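The values are calculated or read from the model by the stated rules, or taken from the named source; none is laboratory data. Here the structure is a predicted model, which means the values were calculated and not measured. Counting neighbours? That spans all protein chains shown, and the Cβs are built from the backbone with ideal geometry, glycine included. Heavy atoms of the whole protein, side chains included, go into the accessibility calculation; ligands, DNA and RNA do not. Shrake-Rupley method; radii C 1.70, N 1.55, O 1.52, S 1.80 Å.
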Number of protein chains: 2
Amino acid sequence: MMAAMARAATTSDVFNAIAEPQRREILALLRAGERPVTELAQELGMTQPRTSKHLRVLREVGLVRDRKAGKQRLYGLDARGLRPVHEWTGGFERFWNESFDRASASSPAPISPRTR
Amino acid sequence: MMAAMARAATTSDVFNAIAEPQRREILALLRAGERPVTELAQELGMTQPRTSKHLRVLREVGLVRDRKAGKQRLYGLDARGLRPVHEWTGGFERFWNESFDRASASSPAPISPRTR
DNA sequence: CCATCATATGCCGATATCGGCATGCGTCAA
DNA sequence: TTGACGCATGCCGATATCGGCATATGATGG
């Protein structure tokens with residue numbers, strides 16, 4: 001019955017799904033269109049089981065969809081889930097543009113917004 | 001000396017750093033300005049060690065900077081590292097807008113965009 | 001120099017994650 | 001029906017990651 005609980009639920013969250021380089025590659029490839037597992041595996045140089053597992057994660061967070069096509073199973077992109085990530089990072093846009101003054105500059109005074 | 005190598009190098013990569021919800025919270029908070037560790041911990045309701053550890057990860061990937069301020073150590077945002085993430089997801093913008101036709105629609109034919 | 005505040009670290013336990021390999025299962029062709 | 005193909009899974013081993021707790025370290029004020 002769990003003794004201390006380590007690590008908070010991670011997977012099944014888009015941010016986590018795209019934290020894996022290979023999964024990002026899969027998504028990038030799928031922009032060109034649907035593809036069967038084997039083909040993806042081949043193009044990315046990874047084994048089939050490995051590819052399937054990554055696809056499973058992507059499917060669980062809703063970034064890809066699959067549909068059967070005879071013997072094969074075609075995976076297609078469903079990028080809608082990436083939008084929240086884009087927007088979240090977008091919330092920092094003014095910070096990477098405004099060269100974050102007070103943070104790097106030679107600010108001599110404003111120690112911190114500690115009211116007291 | 002490692003026998004089979006499991007899991008590819010993860011940390012020290014921005015995508016991974018922001019995969020942690022709490023780290024995202026820290027970044028969001030820092031948009032309001034620099035803050036000492038204890039204050040962050042307090043505002044986020046987490047222990048100090050935990051906060052320090054997350055800050056360390058963020059620092060290692062360059063998303064935050066720290067500077068000493070007397071007894072304290074102020075952490076400030078350096079969002080430049082988020083830009084790549086924003087751009088990467090931006091590469092999928094047309095896909096979440098164009099309601100990815102062929103993927104969900106009742107496509108009866110185009111099995112796959114294999115050129116040949 | 002000593003007590004104290006502010007942080008960083010080390011160590012441990014409990015998972016979660018990844019990869020490989022073998023195998024299960026469904027579909028299609030002969 | 002039987003085989004071959006295409007893909008999903010299960011199981012295992014090797015880490016990586018997170019959290020808690022105690023403690024080391026650094027700086028400050030007496």
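Observations
- With respect to (1) away from every other protein chain (no Cβ under 12 Å); (2) more than 8 Å from DNA strand C (Cβ to nearest atom); (3) open to solvent by less than 30 Å² (accessible area, probe 1.4 Å), the lone exception for B:L44 is condition (3).
- Considering (1) part of a helix (DSSP H, G or I); (2) within 13 Å of DNA strand D (Cβ to nearest atom); (3) within 25 Å of A:G90 (Cα to Cα), the lone condition that B:E43 does not fulfil carries the number (2).
- The residues in segment B:12-40 that are within 12 Å of DNA strand C (Cβ to nearest atom) and assigned to a helix (DSSP H, G or I) can be counted, and the count is 7.
- Picking from residues in segment B:47-96 that are of a type in the set (S, T, N, Q) and either assigned to a strand (DSSP E or B) or open to solvent by less than 30 Å² (accessible area, probe 1.4 Å) (or both), the one that is modelled with the lowest pLDDT is B:Q72.
- Qualifying residue in segment A:82-99 (condition: of a type in the set (D, E, K, R) and in contact with a strand residue (DSSP E or B) (Cβ under 8 Å, 6 or more places away or on another chain)): no
- Top-ranked residue of segment A:65-80 - restricted to ones that are of a type outside the set (K, R) and at the interface with another protein chain (Cβ under 9 Å from one of its Cβ atoms), ranked as nearest to DNA strand D (Cβ to nearest atom): A:Q72
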